[in-house]
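Step one of this worksheet: look at the structure below.
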Amino acid sequence: MAFPENSTDGDTKEAASFSVHGECDPAFSAVEDAFRENFRNLNEIGAGFCVRIDGRVVVDLWGGHQDEARTRPWERDTLVNAYSVGKGITAMLVLSLVERGELELDEPIIKLWPEFAAEGEQKTTLRMLLAHRGGLPAVRQSLEPNAIFDWSTMTGALAEQRAYWEPGQSHGYHINTFGFLVGQPVCRRLGKSFSDALDERLTGPIGADFHIGLPDSKHGRVASIVQAKPRRQGFDPHDAARTFFVSKTAEPNAKHEDMLAKTYFNPVGFSGFGVVNGANWRRASIPSTNGHGTARAVAEIYDIFLNRDVSQGGLVGPGLRAEACQIQSDGMDEVLGKPSRFGLGFQLSQPERPIGRSPESFGHLGYGGTLGFADPETGLAVGYLMNRPGERWRTPRTDNLIDAVYDSLGVSGKRDYPADP
């Protein structure tokens, strides 16, 4: 169904008038209700949500506003920063090269990237990097703020440093370095920038509106991120790491806190805080964190990865797809200090961090509730992007939508979630 262009709902303190547009199969009317509920009562500002099942679009909704003042309506082609949702899309690009024999999962990275030969790293493989087992979640040396926007500076610093743990022997979420580490082999193999490789090999051929390294000509379509954690005057990365990222029950550990401070804030702005709405951020290639796209594009890419084989113009064949979704890393995370689970570049569903309602689901959550994932059991491919991140990775707004999708399919297993302002 299509929704009136000027419909308004709700006049609560948190939710100003808003419009919702798009299409929704009648069988998924509960998803439309949940989408609207997020604006009415959960302070959604602007968002897009798309669901495909076995290649068919059943939900494609967008609404709200691109800015905190709610003066610019969210349009069908509005782009927004996708945070770690971009990691899953980056992984699909890498895997598409593996499928075609252009990259090898278990070959030492130094064969393509000779500079990647610091002590103990000579045997590091692409598989290890995709599975967050490379021991390089942060840059040790202090970098100037603008270094984040320079691909060569970032990849060079990572290549020449000592790993935090022996590669392959443990795992830890490479929050901001993942994209540089798995992206550089793509650039070396193809002789192209990462942005061009993504466009030519993945998004361009299928017409998916997702970009890592956004051309200036598209900046006018980008929604502003609202309430991202600010970079305050006198900002102290170590204090921020203790405040936001160290478990309140953890024993004090200066080495771990230093690693966390560098993981999130070296260079300052590495996670997007304080720079996410700037032109330099948007035009740079930071695959872990600064992809810009639509929810429709995210769902389409996951749908093609899940449901289309190479002979049909897909990205990978069934063998590599299955391998990518097998557990490669599981258990206590050296960076997060709590359990995490990864396949080859994808987060995998786990009790502490479910993705949908199927243990077979794979994809990637992003900062504040953004999400892209696929569910082989139901054929689902889902994209959710918005411009007001929540305070946690798991938010009521995200869960409202995902629960409504599975309820519409008759799949039980509704989840509880913590309150999120």
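The values are calculated or read from the model by the stated rules, or taken from the named source; none is laboratory data. All values reported here derive from a predicted model rather than from experimental measurement. A quick note on method: Cβ atoms are made from the backbone with ideal geometry, for glycine too, and the neighbour counts reach across all protein chains shown.
Looking only at residues in the stretch 301-311 that are over 18 Å from G345 (Cα atoms) and in contact with a helix residue (DSSP H, G or I) (Cβ under 9 Å, 6 or more places away or on another chain), which one is surrounded by the fewest Cβ atoms within 10 Å (Cβ to Cβ)? In this case the residue turns out to be D309. For G120, the criteria (1) at pLDDT 95 or above; (2) more than 24 Å from the chain's Cα centre (by Cα); (3) under 23 Å from K262 (Cα atoms); (4) of a type in the set (G, A, S) hold in every case but one, which is (1). When the stretch 176-196 is filtered for residues that are crowded, with 23+ Cβ neighbours inside 10 Å and either aromatic (F, W, Y) or farther than 17 Å from I109 by Cβ (or both), the ones remaining, listed by number, are N176, F178, F180, F194.
Looking at this structure, is P73 farther than 30 Å from N176 by Cβ and modelled with pLDDT of 95 or more? Considered against the rule, which asks whether it is farther than 30 Å from N176 by Cβ and modelled with pLDDT of 95 or more, P73 comes out as yes. Taken as a whole, the structure leaves R140 outside the set of residues that are charged (D, E, K, R) and under 19 Å from K87 (Cα atoms).
In this structure, is I355 assigned to a loop (DSSP other than H, G, I, E, B), hydrophobic (A, V, I, L, M, F, W, C), surrounded by 19 or more Cβ atoms within 10 Å (Cβ to Cβ) and out of contact with any helix residue (DSSP H, G or I) (no Cβ under 6 Å at 6 or more places or on another chain)? Criteria met by I355. Of all residues in the stretch 15-40, those satisfying the criterion of being out of contact with any helix residue (DSSP H, G or I) (no Cβ under 7 Å at 6 or more places or on another chain) and at pLDDT below 95 are A16, S17. Considered as a group, the residues in the stretch 33-60 that are small (G, A, S), out of contact with any His (no Cβ under 6 Å at 6 or more places or on another chain) and not in a helix (DSSP H, G or I) include one that is farthest from W74 (Cα to Cα), and that residue is G55. In the stretch 49-62, the residue that is farthest from V20 (Cα to Cα) out of those that are touching a helix residue (DSSP H, G or I) at 6+ places or on another chain (Cβ under 7 Å) and buried (at least 24 other Cβ atoms within 10 Å of the Cβ) is R52. The residues of the stretch 119-140 that are outside any loop (DSSP other than H, G, I, E, B) and closer than 20 Å to S271 by Cα, listed by number, are L129, L130.
As a summary of the residue check, K338 satisfies the conditions (1) of a type in the set (D, E, K, R); (2) farther than 16 Å from D106 by Cα; (3) modelled with pLDDT of 95 or more except for the one numbered (3).
Quick one: would you say G383 is small (G, A, S), part of a helix (DSSP H, G or I) and in contact with a Lys or Arg (Cβ under 9 Å, 6 or more places away or on another chain)? Show your work before the answer.
On the way: small (G, A, S): yes; part of a helix (DSSP H, G or I): no; in contact with a Lys or Arg (Cβ under 9 Å, 6 or more places away or on another chain): yes.
Here the answer is no, as G383 does not meet what is asked.
Is it true that F273 is part of a loop (DSSP other than H, G, I, E, B) and at pLDDT below 90? In short, yes.
Being out of contact with any Pro (no Cβ under 7 Å at 6 or more places or on another chain), part of a helix (DSSP H, G or I), hydrophobic (A, V, I, L, M, F, W, C) and more than 23 Å from A91 (Cα to Cα), is that true of even one residue in the stretch 303-317? No.
Taken residue by residue, the stretch 305-326 has no member that is under 19 Å from the mean Cα position of the chain (by Cα) and among the acidic types (D, E). Looking at L130, L143, L136, L112, just one residue is touching a strand residue (DSSP E or B) at 6+ places or on another chain (Cβ under 9 Å), surrounded by 17 or more Cβ atoms within 10 Å (Cβ to Cβ), touching a residue at least 40 places away in the same chain (Cβ under 8 Å) and of a type in the set (A, V, I, L, M, F, W, C), and that residue is L130. Any residue that is farther than 24 Å from I175 by Cα, in contact with a Lys or Arg (Cβ under 7 Å, 6 or more places away or on another chain) and either free of Cβ contacts under 8 Å to residues at least 40 places away in the same chain or surrounded by 24 or more Cβ atoms within 10 Å (Cβ to Cβ) (or both) - is there at least one of those in the stretch 292-299? The answer is no, given that none of the residues of the stretch 292-299 is farther than 24 Å from I175 by Cα, in contact with a Lys or Arg (Cβ under 7 Å, 6 or more places away or on another chain) and either free of Cβ contacts under 8 Å to residues at least 40 places away in the same chain or surrounded by 24 or more Cβ atoms within 10 Å (Cβ to Cβ) (or both).
Give the residue, chosen from G390, G363, G345, that is within 15 Å of the chain's Cα centre (by Cα), part of a loop (DSSP other than H, G, I, E, B), small (G, A, S) and at pLDDT 95 or above. Can you show your working first?
On the way: G390 fails: at pLDDT 95 or above; G363 fails: part of a loop (DSSP other than H, G, I, E, B).
So the residue among G390, G363, G345 that is within 15 Å of the chain's Cα centre (by Cα), part of a loop (DSSP other than H, G, I, E, B), small (G, A, S) and at pLDDT 95 or above is G345.
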